[in-house]
Amino acid sequence: MKKDCPKSIVEIRDVVFSRDAKPIFDGLNINIPRGKITAVMGPSGTGKTTLLRLITGQLTPDKGHICVDGKDVSTMSREQLFAMRRRMGMLFQNGALLTDLDVFENVAFPLREHTDLPEKLIRHIVLTKLHAVGLRGTWRMMPSELSGGMARRVALARSMAMDPDIIIYDEPLAGLDPISMGVILRLIKRLNDALGITSIVVSHDVQEIGSIADCSYLMADGKVVASGAPEELSKDGNPIVQQFMAGMAEGPVPFHYPGPDYEEQLLGRVVE
Amino acid sequence: MKDWLCEIRDAMKAFVRTVGELTLFFINIVMYTPRTLVRRPGLVVKQVFNSGTMSMTIILTCGLFVGMVLGLQGFDTLQRFGAEEALGTFATLSLVKELGPVLTALLFAGRAGTALASEIGLMRATDQLAAMEMMAVDPVRRIVIPRFLGGVVAMPFLAAIFNMVAIFGAFIVGVTFMGVDEGAFWSQMHANVAVADVAQGVIKSVVFGVVASLLAVYQGYTSVPTAEGVGRATTRTVVTTAITVLILDYMLTAALIG
């Protein structure tokens, strides 16, 4: 059954998804408002990256609906999916720059693939995007010559090249030093404010992402356990929310992966 | 006994599934090949350089020594019958019809095939293919097809160069070292090697080019996105290409000889 959902730019309704018989989502509901920064947070292994892959149509839910700008992603043909993705940008955890192309060609890549713009205009757009992320001077460098933070900024310039309506950030701050982290955070905020695009940020850097997000979702056990403005989340009484926001080892989300009794295993009494 | 049967059944199912996937993959490549040739000829030329020109060292070196060994062995065998002047014919027919296309395909799998598989596999492991999908660019059309076509175009030329160098190697050993008459070497070759013999080798090198390139890009594209997965894909490229080329060689020889 096709379901239209025009209110939010992305609407996730009753999504059930499992992989290799392991349930990931069980009745997930999320609304991503247009033109805002929405943070999706949660402990490791809760399926945040899987959620992004569902939104972009790289995966299909077992049940439920994922609508992007009113259209159900799971019923789209490959051509329709590609048409939708042309209006989206995605920043991967590692940047995912094309290693055989230099910085300029990486940013120019979507323009060359999807438009017939003259070379002069492509050059203008690429340099403008690189300038926006502060890396115009690296235009002739290869991806292998860039630091992790720089590679992510170039990837951000590439994701903006087609002036998308939505930019999706997958763990944009993971492994960055405080300076690079601050730069990326300011860029996300500035791009959102200046261009009016919708930003979806998946992260577990609670304080940093909370400082720029308009609304946040906290996921655990395949569902949303709390949502609202970041300050509302920190006041939420739910023990899972409290544990995550305060970064406590003890709580409803176990630190240890389930296994046999520690003492029994150390003493060799567990059949392995 | 039951477990053993189950394992055979599972292996057969996996084999049939892989053959089916490979066939669909090939059909997908063939469908979009004309468009790639028209829209992205530059990418194909670049891959002809990567698969062809970059393989020249191994082709020239191996070709020369294969020819030299053929010259030695051929002379040793033919002189027993007093027919050492037929060395040119012997070496050329062996190379053009059989050794040239087969050995070039095996060397191609080892040099260019592994490079293709590991490059595409690493692109998958580092999310470059996923990034292309997200930019609404089909990785099969942008990455796989130019590399496949590059291999297909390069293989017959590599086989031809291998044959030329190897004949030269046989000439050096036979004429220069063993004293076979130079005129007899070339004239016998000219008289006894027909266009049909050369055509047989050309047909084989084209077929092997398609097979070696297809298996390399397929293994890379379907590799598990880990270091181990890329390593396995690279190994599988060489193993499957070697087996397939040798089986196909027998089938083609049987068909072409009639």
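Only the coordinates and a few stated rules stand behind these numbers; no lab work does. On a predicted model such as this, the values are computed, not experimentally measured, just so you know. Note that each Cβ is placed from the backbone with ideal geometry, even for glycine, and that neighbours are counted across all protein chains shown.
How many residues does region B:120-136 hold that are of a type in the set (A, V, I, L, M, F, W, C), surrounded by 21 or more Cβ atoms within 10 Å (Cβ to Cβ) and within 11 Å of another protein chain (Cβ to nearest Cβ)?
To start, the set of residues in region B:120-136 that are of a type in the set (A, V, I, L, M, F, W, C) comprises B:120, B:122-123, B:125, B:129-132, B:134-136.
Still in the list and also surrounded by 21 or more Cβ atoms within 10 Å (Cβ to Cβ): B:120, B:123, B:129, B:131-132, B:134-135.
Remaining after also requiring within 11 Å of another protein chain (Cβ to nearest Cβ): B:123, B:129, B:131-132, B:134-135.
The number of residues fulfilling the criteria is 6.
Can you confirm whether region B:181-191 contains a residue that is on the phi < 0 side of the Ramachandran plot, of a type in the set (Ser, Thr, Tyr) and surrounded by fewer than 17 Cβ atoms within 10 Å (Cβ to Cβ)?
Filtering region B:181-191 for residues on the phi < 0 side of the Ramachandran plot gives B:181-191.
Adding the requirement that they be of a type in the set (Ser, Thr, Tyr) leaves B:187.
Of the ones still in play, those that are also surrounded by fewer than 17 Cβ atoms within 10 Å (Cβ to Cβ) are B:187.
Looking through region B:181-191, at least one residue is on the phi < 0 side of the Ramachandran plot, of a type in the set (Ser, Thr, Tyr) and surrounded by fewer than 17 Cβ atoms within 10 Å (Cβ to Cβ).
Only one of these conditions is not met by B:Val224: (1) in contact (Cβ under 8 Å) with a residue 40 or more places away in the chain; (2) not in a helix (DSSP H, G or I). Which number is it?
All conditions are met except number (1).
Please enumerate the residues belonging to region A:96-115 that are within 11 Å of another protein chain (Cβ to nearest Cβ) and either acidic (Asp, Glu) or in a loop (DSSP other than H, G, I, E, B) (or both).
Selection gives A:Ala96, A:Leu97, A:Leu98, A:Thr99, A:Asp100, A:Leu101, A:Glu113.
So, of the residues in region A:132-174 that are more than 17 Å from A:Ala108 (Cα to Cα) and among the charged types (D, E, K, R), which turns out to be nearest to the chain's Cα centre (by Cα)?
Only one residue tops the list, namely A:Asp170.
Quick check on region B:67-79. Is at least one of its residues surrounded by fewer than 16 Cβ atoms within 10 Å (Cβ to Cβ), of a type in the set (S, T, N, Q) and under 27 Å from B:Thr222 (Cβ atoms)?
no
Using the structure shown, decide if B:Val217 is part of a loop (DSSP other than H, G, I, E, B), over 18 Å from B:Leu256 (Cα atoms) and out of contact with any strand residue (DSSP E or B) (no Cβ under 7 Å at 6 or more places or on another chain). Before you say what the answer is, go through the steps one by one.
Details: part of a loop (DSSP other than H, G, I, E, B): no; over 18 Å from B:Leu256 (Cα atoms): yes; out of contact with any strand residue (DSSP E or B) (no Cβ under 7 Å at 6 or more places or on another chain): yes.
For B:Val217, the condition - part of a loop (DSSP other than H, G, I, E, B), over 18 Å from B:Leu256 (Cα atoms) and out of contact with any strand residue (DSSP E or B) (no Cβ under 7 Å at 6 or more places or on another chain) - is not met.
Of the residues that make up region A:32-46, is at least one in a helix (DSSP H, G or I) and more than 13 Å from every other protein chain (Cβ to nearest Cβ)?
First pass over region A:32-46, keeping only residues in a helix (DSSP H, G or I): none.
No, every residue in region A:32-46 fails to be in a helix (DSSP H, G or I) and more than 13 Å from every other protein chain (Cβ to nearest Cβ).
Taking the residues in region A:57-95 that are assigned to a loop (DSSP other than H, G, I, E, B) and touching an Asp or Glu at 6+ places or on another chain (Cβ under 8 Å) as candidates, determine which candidate is farthest from the other protein chains (Cβ to nearest Cβ).
Restricting attention to region A:57-95, the residues satisfying the condition of being assigned to a loop (DSSP other than H, G, I, E, B) are A:57-62, A:69-70, A:76-77, A:86-87, A:92-95.
Filter once more, keeping what is touching an Asp or Glu at 6+ places or on another chain (Cβ under 8 Å): A:58, A:69-70, A:87, A:92-94.
Values: A:Gln58: 7, A:Asp69: 15, A:Gly70: 19, A:Arg87: 9, A:Phe92: 5, A:Gln93: 8, A:Asn94: 6 Å.
Per the criteria, the residue is A:Gly70.
Could you grab me the full set of residues in region A:162-201 that are in a loop (DSSP other than H, G, I, E, B), away from every other protein chain (no Cβ under 14 Å) and either of a type in the set (A, V, I, L, M, F, W, C) or in contact with an Asp or Glu (Cβ under 6 Å, 6 or more places away or on another chain) (or both)?
A:Leu173, A:Leu176, A:Ile197
Residues are listed down the side, and each one gets a yes or a no for (1) in contact (Cβ under 8 Å) with a residue 24 or more places away in the chain; (2) over 19 Å from the mean Cα position of the chain (by Cα):
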{"residue": "A:Val201", "(1), (2)": "yes, no"}
{"residue": "A:Gln207", "(1), (2)": "no, no"}
{"residue": "A:Tyr217", "(1), (2)": "yes, no"}
{"residue": "A:Ala229", "(1), (2)": "no, no"}
{"residue": "A:Leu233", "(1), (2)": "no, yes"}
{"residue": "A:Phe244", "(1), (2)": "yes, no"}
{"residue": "A:His256", "(1), (2)": "no, yes"}
